[in-house]
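Input: a single structure, listed below in structure tokens.
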Amino acid sequence: MLKQIRRLSFAEKVGRVLLCIALPLCPPMLEGLAHLHYSCIYEQNEETPPMALKPLRGMVGLCIAVCAYITGSQSTEAAPPLQPGDSGTEVEYLKDRLRKAWCLPQVVTNADSYDELTVAAVKSLQRQHGLLMNGVVDEQTAKAIEDGKMCYAPEDSAALKLGDEGEEVRLLKTQLKNWGFPLTGQSPEAADTNKFDQATQNALKEFETFFGLKEDGIFDPLDSEVLWSSRVEALVNYIDAWSFKNIAPALRNLRPAEKSQAVSTAISRMESGGEYTDPTKNNHSFTYSAMVLGILNADAQESIPTLIALLSDNDASIRASAAEALSFMGANAQEALPRLIELSSSENEDPSVRNKSVEALGYIGDSNPGLVVPSLLAIANDKSVYDNIDRNNAAKVLRWQAAAALGNIGVDAKQAIPDLVEIAKDRNDDDSVRSDTAAALGSIGADARQAVPALIEIAEDKSNGNDVRGAAIEALGDIEVEADRVMPSLLAIAKDKADWDTVRRSALSAIGKFGPNAEDAVDPLIELLNDKGEPNLLVIEQTIDSLGEIGPAAQSAVPTLITLFDDWEYPQSSLAVQEQSLNDEFAYIRDKGDCFGALFRQEKVALAIASIGPRAVPELIAALQHPDEKVRYGAAFTLGEMPPDTTADAVEPLQAVMNNQNENINIRWRAASTLQDMGVDTQDFFSQNNLEDLSIRREKGDDSSSAFNQYIGEYIKYGACGDDGQTIADCFRKRSCN
């Protein structure tokens with residue numbers, strides 16, 4: 001050691017001395033040494049040889065480095081921990097990291113304030129990882145946060161259920177509130193506790209229902225994954241057939257920046273290709289990622305060039321995904337038409353890509369029918385698509401998808417009418433192709449009147465498949481043709497008990513589409529309602545609907561309709577038959593915005609009478625005194641479904657029912673609720689009888705239908721988007737959802 005020191009030059013020895021002096025004085029000397037280092041490097045001149053400065057430069061640089069290290073170390077050790085009451089950018093950064101660690105709700109207020117919620121989140125992280133649980137971000141807690149430690153891990157988090165307690169429960173309740181599912185019926189103090197009570201379970205069930213999760217009120221790992229995802233990621237990743245109705249408006253209500261994030265997330269999912277088949281998650285197919293872009297349509301236009309580029313991706317599933325997404329963009333995506341035509345027509349293309357491309361052409365093609373219709377017609381006519389192909393293969397559906405696409409184009413596809421008629425009449429062709437071709441003729445409308453004789457022939461011939469006949473019948477109702485040309489055939493089919501119920505109901509639906517022009521059908525429909533030998537409940541329900549569609553011209557049906565409020569034994573059809581009919585007819589999930597839900601026969605009666613209008617009011621007033629309770633209730637309910645300006649004469653009779661102490665309380669409640677909807681103050685009645693008024697029930701999610709259900713009883717549940725067979729996606733693309 002001594003020998004080494006003796007070998008040092010004078011300058012080097014001076015440097016060592018300076019270093020020894022600088023170390024304990026680093027903070028005050030650091031700036032001066034830095035200037036000296038700067039001078040040594042940049043202020044050389046002829047009197048100062050470079051070699052003479054080398055040792056000094058090295059010495060000073062070393063001093064600076066050591067000082068910086070010492071100063072930094074001292075600064076880190078001296079930094080106080082973050083704790084309750086603190087605020088500022090450091091706290092804001094902390095809360096951002098806690099959100100990413102699923103410790104803190106995604107939506108919080110006071111982003112830069114170390115509040116009680118932050119304390120609870122920090123304690124949760126500390127408990128999860130065995131740290132001192134003091135709610136203070138000390139050195140160990142800070143390291144855990146920076147290392148990416150998390151409060152909840154969906155794959156191994158324990159389920160929370162009714163009766164559990166702890167900070168996790170408190171955070172769950174807070175996040176449910178942030179998502180818009182507050183714990184109702186509790187004081188603020190009770191809602192802020194850490195107990196999993198009944199109100200917590202109810203709020204959690206609402207959250208599960210919103211996202212289509214298992215509605216059991218148990219906070220399981222999948223619930224946790226959704227709840228602690230960012231709002232955008234949750235909405236994009238968990239939209240499916242069950243949650244579509246709820247998530248679609250939530251996506252539309254996102255802020256502009258969030259919408260942009262949603263678009264990017266959806267495209268990223270599609271770019272990953274294929275179907276999302278993780279069994280621990282909902283059905284994460286690219287179809288629903290594509291629908292996100294459709295929901296955000298105007299805000300997703302920037303994605304169209306990317307989607308067009310993806311039509312040429314090497315992965316077939318990505319090409320199909322892009323075509324699916326473009327189908328939601330409508331005319332704005334017309335630049336994609338040439339490529340979509342190329343994909344749909346290529347025999348070497350993957351069947352799923354061809355199918356999605358054909359589907360997209362149907363929704364974009366009306367922007368350029370001259371280009372698209374010939375291509376679709378060529379596919380619909382090409383029977384060779386079945387050559388050497390398993391009929392269960394995806395290619396089987398290509399022709400009938402082409403026919404359906406022509407129907408979606410509608411009136412602009414009128415040049416295809418002659419070919420479509422020939423396909424519909426061809427008994428040797430596939431029934432799916434024939435039925436969609438017939439439906440396409442109906443979609444074209446008045447220009448397809450030349451097809452009416454062929455459609456009547458198909459409808460009346462029982463040797464045709466039921467789907468083909470039903471489609472032809474529905475088309476007759478869609479084409480603007482004189483009622484007397486088709487009404488005899490439609491009524492004959494509707495009244496034929498030996499025919500299939502699906503075909504009969506199609507005939508009844510077609511009759512209703514003529515509206516007031518179907519006045520001549522009212523008496524035959526009344527006869528059908530009065531026929532106690534009718535074997536099928538669904539035929540009766542469709543008859544009721546059709547009378548409502550005919551409207552005021554069906555006034556003579558009101559007395560018969562009113563009796564149906566009481567007719568529980570009619571018709572004499574087994575539940576098994578009814579259920580089979582439902583399974584056969586409503587195999588697809590259908591939605592039309594607010595039309596998705598449960599409808600049952602008695603409610604159909606009320607809505608039909610309401611559609612007939614003011615002419616039914618005298619009959620309904622009289623029915624308020626009917627001997628049967630169900631009829632009285634139904635009359636009060638129906639009056640509430642009509643415009644208030646048409647039911648003024650019913651105010652006093654309804655008040656008499658409401659104030660009748662001998663009347664059933666449910667009927668009195670319904671009369672009071674109807675009066676409330678008519679603008680009459682009935683609050684005293686609800687208060688005196690300790691009953692919730694209709695507005696309170698509606699705030700809880702109960703509409704007038706569920707209020708009707710409470711008295712009438714069980715109902716048959718089915719998805720409804722009319723009887724036109726629309727899927728959710730079809731309904732959405734055509735913008736027919738209310």
statement: Filtering the range 246-274 down to residues that are surrounded by 20 or more Cβ atoms within 10 Å (Cβ to Cβ), out of contact with any Lys or Arg (no Cβ under 9 Å at 6 or more places or on another chain) and within 18 Å of Trp179 (Cβ to Cβ) yields Ile247, Ala248, Ala262
- request: State all residues of the range 525-545 that are open to solvent by 20 Å² or more (accessible area, probe 1.4 Å) and within 16 Å of Val558 (Cβ to Cβ); if no residue qualifies, say none.
  value: Ile526, Glu527, Asn530, Asp545
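Quick check on this structure: which one of Val122, Val136 is modelled with pLDDT of 85 or more, surrounded by fewer than 20 Cβ atoms within 10 Å (Cβ to Cβ) and of a type in the set (A, V, I, L, M, F, W, C)? It would help to see each step written out before you state the result.
Working: Val122 fails: surrounded by fewer than 20 Cβ atoms within 10 Å (Cβ to Cβ).
Only one candidate passes the filter, namely Val136.
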query: Taking the range 607-628 on its own, how many of its residues are within 21 Å of Glu652 (Cβ to Cβ), assigned to a helix (DSSP H, G or I) and either modelled with pLDDT under 90 or of a type in the set (A, V, I, L, M) (or both)?
result: 8
- request: Check the range 316-326 and report whether any residue there is more than 15 Å from Gly365 (Cα to Cα), of a type in the set (A, V, I, L, M, F, W, C), without any contact (Cβ under 8 Å) to a residue 40 or more places away in the chain and assigned to a helix (DSSP H, G or I).
  value: yes
query: So which helices (runs of 4 or more DSSP H) are wholly in the range 332-389 and hold at least 1 residues that are under 20 Å from Ala309 (Cβ atoms)?
result: 337-345, 351-364
- request: Give the residue, chosen from Ala521, Ala494, Ala483, Ala510, that is more than 22 Å from Arg427 (Cβ to Cβ), without any contact (Cβ under 8 Å) to a residue 60 or more places away in the chain, more than 38 Å from the chain's Cα centre (by Cα) and crowded, with 22+ Cβ neighbours inside 10 Å.
  value: Ala521
query: Could you list, in sequence order, the residues of the range 617-627 that are farther than 16 Å from Arg668 by Cβ and of a type outside the set (Val, Ile, Thr)?
result: Pro618, Glu619, Leu620, Ala622, Pro627
query: Could you list, in sequence order, the residues of the range 608-628 that are within 15 Å of Ala553 (Cα to Cα) and surrounded by fewer than 18 Cβ atoms within 10 Å (Cβ to Cβ)?
result: Gly613, Pro614, Arg615
statement: Scanning the range 525-541 residue by residue, those under 23 Å from Val617 (Cα atoms) and not aliphatic (A, V, I, L, M) turn out to be Glu527, Asn530, Glu541
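Output the residues belonging to the range 157-176 that are part of a helix (DSSP H, G or I) and either on the phi > 0 side of the Ramachandran plot or touching a residue at least 60 places away in the same chain (Cβ under 8 Å) (or both). Outline the logic, then answer.
We begin by selecting, within the range 157-176, every residue part of a helix (DSSP H, G or I); these are 167-176.
Residues satisfying the conditions are Leu171, Thr174, Gln175.
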task: Kindly indicate whether Ser346 is touching a residue at least 12 places away in the same chain (Cβ under 8 Å) and out of contact with any strand residue (DSSP E or B) (no Cβ under 6 Å at 6 or more places or on another chain).
output: no
field: Conditions (1) among the aliphatic types (A, V, I, L, M); (2) under 22 Å from Leu251 (Cβ atoms); (3) open to solvent by less than 10 Å² (accessible area, probe 1.4 Å); number of the one not met by Ile304
entry: (3)
- prompt: Which one of these does Thr141 not meet: (1) modelled with pLDDT under 85; (2) open to solvent by less than 20 Å² (accessible area, probe 1.4 Å)?
  reply: (1)
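Conditions tested, residue by residue: (1) at pLDDT below 85; (2) assigned to a loop (DSSP other than H, G, I, E, B).
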| residue | (1), (2) |
| --- | --- |
| Thr209 | no, no |
| Glu215 | no, yes |
| Ser260 | no, no |
| Thr265 | no, no |
| Lys281 | yes, yes |
| Ala290 | yes, no |
- prompt: Here are some conditions: (1) in a helix (DSSP H, G or I); (2) of a type outside the set (A, V, I, L, M, F, W, C); (3) modelled with pLDDT of 90 or more; (4) more than 24 Å from Ala234 (Cα to Cα). Thr306 meets all but one. Which one does it not meet?
  reply: (4)
- request: Could you please find all residues in the range 320-344 being open to solvent by less than 30 Å² (accessible area, probe 1.4 Å) and of a type outside the set (A, V, I, L, M, F, W, C)?
  value: Ser321, Glu324, Ser327, Gly330, Ser344
query: If you scan the range 122-137, which residues turn out to be part of a helix (DSSP H, G or I) and farther than 13 Å from Val91 by Cα?
result: Lys123, Ser124, Leu125, Gln126, Arg127, Gln128
- line: The number of residues in the range 435-455 that are in contact with a Lys or Arg (Cβ under 8 Å, 6 or more places away or on another chain) and surrounded by 24 or more Cβ atoms within 10 Å (Cβ to Cβ) is 2
- prompt: Only one residue in Leu227, Leu213, Leu254 is of a type outside the set (Lys, Arg) and under 22 Å from Leu125 (Cβ atoms), so which one is that?
  reply: Leu227
Residues (farther than 21 Å from Ala610 by Cβ, hydrophobic (A, V, I, L, M, F, W, C) and either modelled with pLDDT of 90 or more or in contact with a helix residue (DSSP H, G or I) (Cβ under 7 Å, 6 or more places away or on another chain) (or both)) located in the range 666-718: Phe685, Phe686, Leu691
- request: Filter the range 629-644 for residues that are in contact with a Ser or Thr (Cβ under 8 Å, 6 or more places away or on another chain) and either in a loop (DSSP other than H, G, I, E, B) or open to solvent by 10 Å² or more (accessible area, probe 1.4 Å) (or both) and give the result.
  value: Gly640, Glu641
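The values are calculated or read from the model by the stated rules, or taken from the named source; none is laboratory data. Not measured: the values here are computed from a predicted model. Please note: Cβ atoms are built from the backbone with ideal geometry, for glycine as well, and neighbour counts cover all protein chains shown. Note: accessible area is taken over every heavy atom of the protein model, side chains too, but ligands, DNA and RNA are not part of it. Shrake-Rupley method; radii C 1.70, N 1.55, O 1.52, S 1.80 Å.
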